[in-house]
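What follows is one structure encoded as structure tokens, with my remarks underneath.
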Amino acid sequence: MSGQSAAPPAFNGITPVQQMVASCSGAIVTSLFVTPLDVVKIRLQAQKNPFPKGKCFVYCNGLMDHICVCENGNSKAWYKAPGHFSGTLDAFVKIIRHEGMAALWSGLPPTLVMAVPATVIYFTCYDQLCAALRVQMGDRAQEAPLLAGAIARVGSATVISPLELIRTKLQSQKQSYGELTQLIRSAVEAEGWRSLWRGLGPTLLRDVPFSAMYWYNYERTKSFLCERYNSREPTFTITFISGAVSGSIASIVTLPFDVVKTRRQVELGELQAKNLSGQASSSTFSVMRRIVAQDGFPGLFAGIFPRLIKVAPACAIMISSYEFGKAFFRKHNQERILGQPQTSNTRQTEQH
């Protein structure tokens, strides 16, 4: 029995590679569920407010945002020529009828290219950091998810930011990789390496507080539900509910930064698409003041309902899929570790 209790904590029951596989699987599952909702949402938006050529809009699958540039009133994947939809359900039916079922996942490939690496880095870093911080923080170990979530988000956003800039340029200008390499080299020579991380500030202002609050509330909610239902290990239902609740709370609190970030991200995306070197005209807080002056304080919470519909299920699906994957690998590792000594003991008994 002592071997059973000592072996798993030595490496937290799961290796970093297995954590990566679990988070990768979670990102794919989440994208498969959420992408159709965003495809429909973008089509409905385009019907009411068509995007002119060269303009950008933000696509988010619940895991991360993507800047999409319109080309001749069309950006191939999410945004197409305005249709005649009377609502969400009508849009689903007509898209499937006229374009086929696959059209609902038309934005999936570029989503996976960006979301999967970011998610793998983010979730793996969080788990590793949280485990280390819990040991270091002692009596304040329950606050470790807060700090680990913030640091993990800074790391993943910093790594992905240059890739997002490169993808925006590729999409808008249809350049070859050779031409793109020369363009990036020229930009770095003119403005320095920091030019590859343009727009990172607004991203961090929203995502870091969101991540810190999300993980803290998730761990607390999960522990509470486990105690309430006398469960030694969190079930799929417990992790699903915990993810939805914590995602909703974090979404509401950080919504003002999301509104500002969306406006600045679109502006920065248009600058990047046109290969302009200028920064966005306004800082994050000046944009916030302008929104309050124009629309009042409620303007900072515009779109709260669509954001909750998106983020809550995405967080729930992602974290429950991730925890399910980790539980699978943890059980597999325990069976393998516990099976080896038993085999050895059996052989020794047979020899005697």
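The values are calculated or read from the model by the stated rules, or taken from the named source; none is laboratory data. Fair warning: this is a prediction, and the values are worked out from it, not measured in the lab. Methodologically, a virtual Cβ is constructed for each residue, glycine included, from the backbone with ideal geometry; neighbour enumeration extends over all protein chains shown. These area figures cover heavy atoms from the full protein model, side chains too; ligands, DNA and RNA do not enter into them. Shrake-Rupley method; radii C 1.70, N 1.55, O 1.52, S 1.80 Å.
Listed values, structure above:
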{"read-out": "Gained length - L32 relative to A302, 0.36 nm times residue gap less alpha-carbon distance", "value": "94.5 nm"}
{"read-out": "Heavy-atom accessible area ranking, 1.4 Å probe, most first, across M20, M288, M137", "value": "M20, M137, M288"}
{"read-out": "Theoretical FRET efficiency, 1/(1+(r/R0)^6), r = Cβ-Cβ of S286 and L163, R0 30 Å, to 0.05", "value": "0.60"}
{"read-out": "J(HN,Hα) series, the stretch 19-25, from Karplus relation 6.51 cos²θ - 1.76 cosθ + 1.60, nearest Hz, glycine and proline x", "value": "4, 5, 5, 5, 5, 5, 4"}
{"read-out": "Neighbour net charge for K222 - beta-carbon separation under 12 angstrom, K R +1, D E -1", "value": "-2"}
{"read-out": "Sum of side-chain charges, A141 neighbourhood, beta-carbon under 14 Å (Lys, Arg +1; Asp, Glu -1)", "value": "0"}
{"read-out": "FRET E, pair V135, Q294, Förster distance 56 Å, beta-carbon r, rounded to 0.05", "value": "0.70"}
{"read-out": "Solvent exposure ordering (accessible area, 1.4 Å, most first) of I309, I96", "value": "I309, I96"}
{"read-out": "Cβ-derived FRET efficiency at R0 51 Å, F236 paired with A190, nearest 0.05", "value": "0.50"}
